[in-house]
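First up is the structure itself, then whatever we jot down about it.
The values are calculated or read from the model by the stated rules, or taken from the named source; none is laboratory data. Keep in mind that what you see is a predicted model, and the values were worked out from it rather than measured. Cβ sites come from the backbone with ideal geometry, for glycine too, and all protein chains shown count toward neighbours. These area figures cover heavy atoms from the full protein model, side chains too; ligands, DNA and RNA do not enter into them. Shrake-Rupley method; radii C 1.70, N 1.55, O 1.52, S 1.80 Å.
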Amino acid sequence: MSDSLWIKGVICIVLGLAAYIAGLILKFYSSQKRPYAGCADARVVDIIPVERDRNAEAQFRNRQAAVFEFFADGKLIKLVDQEDAYPCPYEPGQHLRLCYDPDDPEKYTVLHESKQYYQGTAMNILGVVLIVAGVLMFLRYALRFSF
C-alpha cells in the first residue's frame, strides 16, 4: 500500500508538470497570433454616435462608436472604432490592448483574449493542483516511516 502511494505521488507530480508546461505553451502561442507588428495599451476616452451607411441593414440609423486613445511611436493617436455595434461594447475609461500597423496606425485590431489563453490558464491551475496532490502523497508516504 505504501509503495502505491509513492507511485501515485510521482505520477501526480509528473502529470502536474506536464499540464503546467502545456498551459505555458498554450498561453505563449495564443499571444503570438497578432495581425500587426505594433501593440499598445489603449483607453476608451469617449463614446460617440456615428451615422451608419445608407446601405446598412440595421434597426437604428446611428451606431455608437468608441474613441480609442493610445501612443504609437511616441505620438498620441485617437481613433474612432469602426465596429458596427449598438450599443457600444466598450465603456468610457476602459483599458484594452490594440495591435496596429506601425506604418499606418489607422489600421488596428482590438486584441481579445483567445480560448487558448483561457485553456492555458486552466492547464496551469490543473498542473499546480496535481503537483500539490503529489507532494501531499509523498508527505503521507514519508510519515508512515517516521514512527
* **Whole-number percent relative contact order across the chain, with pairs defined as alpha carbons under 8 Å at least 6 apart** => 39
* **Computed accessible area, T121, all protein chains, 1.4 angstrom probe, square angstrom** => 50
* **Top positive-direction residue, dipole computed over the chain with Cβ charges, set Y108, L15, A72** => L15
* **Label point distance in nm, L126-D101, each placed 7 Å from Cα along Cα→Cβ** => 4.0
* Would you please give the residues with an amide H less than 5 Å from that of Q94, counting only those at least 5 places away or on a separate chain, with H modeled from the backbone geometry? => V44
* **Inter-site label distance for K8 and L143 at 7 Å from Cα along Cβ, in nm** => 1.4
